[in-house]
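Chemist: Before we start, here is the structure in question, set down as structure tokens.
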Amino acid sequence: CGPRLKAFFSALQTTFRKSLHHKSPEVREKTVEGLATMMKHNARVDNVIQDLVSQVRREEDAHVKGSLLTAIHRVMEHKSTATKVSSPLVSSLIATVGPLLSVQQSMVRTAAKKTFDTSVKYLEGEAEIKAAMAKYGGRGDDNDLSSDSEA
């Protein structure tokens with residue numbers, strides 16, 4: 001990804017954000033892939049994650065909400081990208097995703113679990129991680145958090 005392409009990041013982000021609401025699951029899936037790839041090369045990730053978190057809070061369509069959560073998960077699954085997200089935003093993300101772990105819609109619940117499990121390790125400090133785990137219980141297993149927090 002060269003400097004010439006970076007000039008188009010803002011326009012591409014806008015297009016990707018809008019395409020996450022497309023009626024076609026295939027379009028949403030391709031959008032998630034494109035957004036995740038682009039964010040690996042973007043120095044500023046906070047504004048995109050903040051926008052996606054806000055959209056998750058407002059979205060009522062379960063399919064679109066699942067795509068939004070999957071987009072967040074795909075961005076956060078790459079350490080080089082996730083470490084660019086501010087601690088307060090990670091806390092806000094966890095506070096938004098945590099309650100979705102128990103919703104009825106399985107696609108939302110599954111996407112929320114992946115997003116939670118990927119993002120929780122970027123909370124600030126072991127105590128905050130343990131508090132989030134105790135409150136929301138995002139994992140179905142008892143993985144050792146100390147090894148995850150270093151990932």
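The values are calculated or read from the model by the stated rules, or taken from the named source; none is laboratory data. Please read these numbers as outputs of a predicted model, since none were measured by experiment. Neighbour counts are summed over all protein chains in view; Cβ atoms, including those assigned to glycine, are modelled from backbone coordinates with ideal geometry. SASA here: full protein model, heavy atoms, side chains in, ligands and nucleic acids out. Shrake-Rupley method; radii C 1.70, N 1.55, O 1.52, S 1.80 Å.
Chemist: Over the chain, give the accessible area per residue in Å² for a 1.4 Å probe, as an integer.
Modeler: Value for the chain: 53 Å² per residue.
Chemist: Rounding to the nearest 10 and keeping the result within 0 to 90°, find how far the Cα-based axis of helix 9-19 lies from the longest principal axis of the chain.
Modeler: Its long axis makes an angle of about 70 degrees.
Chemist: Then there's this: Where in the stretch 27-52 does the label zone of residue 6 land, with the point 7 angstrom along Cα→C-beta and an amide N cut-off under 12 Å?
Modeler: Under cut-off, by backbone N: 41-44.
Chemist: Along the Cα→Cβ direction, 7 angstrom out, place labels at residue 80 and residue 61. What is the inter-label distance in nm?
Modeler: Once both label points are built, they end up 3.3 nm from each other.
Chemist: For the chain, set up a Gaussian network in which alpha carbons nearer than 10 Å are linked by springs, and say which option among 109, 28, 58 fluctuates the most.
Modeler: 58
Chemist: Protein chains only, probe 1.4 Å: how do 23, 30, 130 rank by accessible area, largest first?
Modeler: Descending order: 23, 30, 130.
Chemist: Just to be sure I understand, if you calculate mean projected area of the Cα convex hull in nm² for this structure, which of (1) 8.6; (2) 11.4; (3) 10.7 do you get?
Modeler: Here the calculated entry is (1).
Chemist: If you don't mind, another one. Using a Gaussian network model on the chain with a 10 Å cutoff between Cα atoms, which of 118, 14, 37 fluctuates the most?
Modeler: In the Gaussian network model the winner is 14.
Chemist: Quick one: order 100, 20 from most to least accessible surface, probe 1.4 Å.
Modeler: From most exposed to least exposed: 100, 20.
Chemist: By how many nm would the segment from residue 18 to residue 106 grow when fully extended, if each residue of separation counts as 0.36 nm and the alpha-carbon distance is taken off?
Modeler: Computed gain between residue 18 and residue 106 is 29.3 nm.
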